[in-house]
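What follows is a single structure, written as structure tokens, with notes after it.
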DNA sequence: CCTTGCTATGCAACCAGTTGCATAGCAGGA
DNA sequence: TCCTGCTATGCAACTGGTTGCATAGCAAGG
């Protein structure tokens, strides 16, 4: 399980409320880990009980108050020990691949629209990533290397490489489907 | 949920027992969908109750008897209707990306060995895929196009593209980590 | 004969993640 | 004033997946 650890990393990058975390999980963190707000609130509560994070009531004007969480020493230690233990290379779940192989027993050409839809989703995501890269990681070499920035950037480059690979592969899939 | 559908596809490609399915999920199907034997047996039982698959006792010599499953009409229909309904582009879960961003707050250089381990796992898988491709999909253009074969092949090409992308990205990650 | 190891099937408990719903503060527009 | 919509937090029920364990047939080797 890594949701706890994903939350710790996100809170180390910047403290925030459950709501804010949920929004981050829709964008930057969400590139490689998804979570709904319900799940985040539940886990956050458990982490608070375990002393991994500390909450602070923050009154706001113009909107409801929020509970801002930040990482406590125990949380930092928990993250550190997780970082030092090996994890299994992740197991994959590609519904679309199941569909593609299944299409052989149904209607290969009928899958074209679905694959095109996925292709569009991936080009959109790629455009989104590239815009984020241009915005947050301009090419100007600004001073000394910053680990946090550089590592965020390399993860984003991974997302970009993934989307490019997927688009190329989906083109391959479309060409194959259209032969039937 | 697509485990049921992955099983249907696998059984359409070739009928088999729960045990055999579990083995396939360790190799070809496992490239894009993982499942343990416990899960497969449980789902298979439900599918049998729902009339999606039919079981047949097959006595064997030299080893215990097995129950061979094959797809029933209801199962074929269920697969077909699933193929025709749109699915969400899958959400990602990359523990390693969490670790990489987390390393900024711990010990970037200490992650090198872990990333190298993952890189090795991906080169192994790539070699395995390429060997499978050479074995099962020789370049000889043997007659008329066969949808089942071609679609299996394009899914395998997706696995190959994925592994190549990952290896290149992990090299990028290693170069980045080594700067700290 | 006994152990090891592979084939083959399965139960039970648990845990992570999803879905549906509920509540409440506050702003802005119809 | 009422409705819509965004911020903000949360509970409850369910489902899919994981982990641990159990059983049994049969072969091969020590």
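The values are calculated or read from the model by the stated rules, or taken from the named source; none is laboratory data. It should be emphasised that the depicted structure is a prediction, and the values quoted were computed from it without experimental measurement. Here Cβ is always computed from backbone atoms with ideal geometry, including for glycine, and neighbour counts include all displayed protein chains.
Of everything in segment B:19-51 that is in contact with a strand residue (DSSP E or B) (Cβ under 7 Å, 6 or more places away or on another chain) and within 8 Å of DNA strand C (Cβ to nearest atom), the residue that is farthest from the other protein chains (Cβ to nearest Cβ) is B:19.
Take the residues in segment A:31-44 that are under 8 Å from the mean Cα position of the chain (by Cα) and crowded, with 17+ Cβ neighbours inside 10 Å, then tell me which one is farthest from residue B:98 (Cα to Cα). Spell out how you get there, then give the answer.
First, pick out the residues of segment A:31-44 that are under 8 Å from the mean Cα position of the chain (by Cα): A:31-34.
Imposing the further condition that a residue be crowded, with 17+ Cβ neighbours inside 10 Å reduces the set to A:31-33.
Values: A:31: 10, A:32: 8, A:33: 8 Å.
If we take residues in segment A:31-44 being under 8 Å from the mean Cα position of the chain (by Cα) and crowded, with 17+ Cβ neighbours inside 10 Å, then A:31 is farthest from residue B:98 (Cα to Cα).
Of the numbered criteria (1) surrounded by 13 or more Cβ atoms within 10 Å (Cβ to Cβ); (2) part of a loop (DSSP other than H, G, I, E, B), the one residue B:61 fails is (1).
Quick one: count up the residues across segment B:1-18 that are within 14 Å of DNA strand D (Cβ to nearest atom) and either touching a strand residue (DSSP E or B) at 6+ places or on another chain (Cβ under 8 Å) or part of a helix (DSSP H, G or I) (or both).
Let us first name the residues in segment B:1-18 that are within 14 Å of DNA strand D (Cβ to nearest atom), namely B:1-8, B:17-18.
If we keep only those that are either touching a strand residue (DSSP E or B) at 6+ places or on another chain (Cβ under 8 Å) or part of a helix (DSSP H, G or I) (or both) as well, we get B:2-8, B:17-18.
The qualifying residues number 9.
The residues in segment B:52-76 that are away from chain A (no Cβ under 13 Å), at pLDDT 95 or above and more than 9 Å from DNA strand C (Cβ to nearest atom) can be counted, and the count is 5. The conditions of being modelled with pLDDT of 95 or more and closer than 30 Å to residue B:112 by Cβ are not met by residue A:96.
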